[in-house]
1. Could you tell me which label, among (i) 1.10; (ii) 1.02; (iii) 1.46, carries the value of Cα Rg over 2.2 N^0.38 Å calculated for this structure?
2. Assuming R0 = 30 Å, can you tell me the calculated FRET efficiency for the pair Arg75 and Asn32, based on Cβ-Cβ distance, to the nearest 0.05?
3. As a check on your grasp of the helix formula, calculate [θ] at 222 nm for the chain: sum -39500 (n - 2.57) over DSSP H runs of n ≥ 4, divide by the residue count, round to the nearest 500.
4. State in Å² the accessible area per residue of the chain; use a 1.4 Å probe, count heavy atoms of protein chains only, and round to the nearest integer.
5. Just to be sure I understand the model, the point goes 7 Å from the Cα along the line to the Cβ. What's the resulting Leu183 to Lys68 distance in nm?
6. Using only Cα atoms, tell me the angle between helix 104-135 and the longest principal axis of the chain; keep it within 0 to 90° and round to the nearest 10.
7. Which pairs, out of Lys11/Lys122; Lys76/Lys97; Lys12/Lys41; Lys61/Lys122; Lys143/Lys185; Lys76/Lys107, put more than 28 Å between their alpha-carbon atoms?
8. Take the alpha-carbon centre of the stretch 63-83, take the same for the stretch 98-121, and report the distance between them in whole Å.
Amino acid sequence: GYAAAWIKEAKKRGLPNISNTVDALAAMANDNAVKLFEKYKVLSGGELHARYEVYLEQYTKSINIEAKASIGMVRKQSIPSVISYLGDLGQASQNAKSIGLAVTVQKDLAGKITKHLVGAYKQLAVLEAAQEKANGIEHAKEKAEAFRDKVVPVMNSLRSDIDALEFLLPATSWPVPSYAEMLFKL
């Protein structure tokens, strides 16, 4: 139901295409939903709005936990492992040079790794700032929107660099199991 053709068809039929949790939760507390729930005596408007607030808080807490886990893993595992590997790569390059071998591959690999390391380090700082700012918001809806619009995109950007680093480093230098190891070597 998420193909571009379906989105077009849904629009043609007048159906909503709600693509994120925060907007989906808002639908449960709109006037039409309140009228429907009250008409059939399922929930009062106050009860529905209370549940809406609780669900927003649950969403915010879940994303906050994901952000904290991302920050911790990148700061304490990924970045130190990459720096350590770059040191090993530099030492291997020096050894290769000392016996007259070319180090073209090592330089190219170090450049690619460094590009993603710098990107991850920058995104880590942006994520920490976005998370702190979002956590400072009092109103549940605004807080959830900040996590959706500011924190999640930065987590995704950070993940992009970390995924690239995981691909570039040997498995023995990567601090956590790879996706392939988790999926196929259970």
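1. Looking at Cα Rg over 2.2 N^0.38 Å for this model, the match is (iii).
2. Working: r = 45 Å, r/R0 = 1.52.
Here the calculated transfer efficiency is 0.10.
3. Numbers: 9 runs with 138 residues, N = 186.
Value at 222 nm, helices only, nearest 500: -24500 deg cm²/dmol.
4. Numbers: 12300 Å² over 186 residues.
So the chain comes to 66 Å² accessible per residue, rounded to a whole number.
5. 3.0
6. 30
7. Details: Lys11/Lys122 39 Å; Lys76/Lys97 32 Å; Lys12/Lys41 33 Å; Lys61/Lys122 24 Å; Lys143/Lys185 39 Å; Lys76/Lys107 26 Å.
From the list (Lys11/Lys122; Lys76/Lys97; Lys12/Lys41; Lys61/Lys122; Lys143/Lys185; Lys76/Lys107), the Cα-Cα distance tops 28 Å for Lys11/Lys122; Lys76/Lys97; Lys12/Lys41; Lys143/Lys185.
8. Going from one Cα centre to the other spans 23 Å.
The values are calculated or read from the model by the stated rules, or taken from the named source; none is laboratory data. No experiment lies behind these values; they were computed from the predicted model shown. Note that we place each Cβ from the backbone using ideal geometry, even for glycine, and neighbour counts take in every protein chain shown. These area figures cover heavy atoms from the full protein model, side chains too; ligands, DNA and RNA do not enter into them. Shrake-Rupley method; radii C 1.70, N 1.55, O 1.52, S 1.80 Å.
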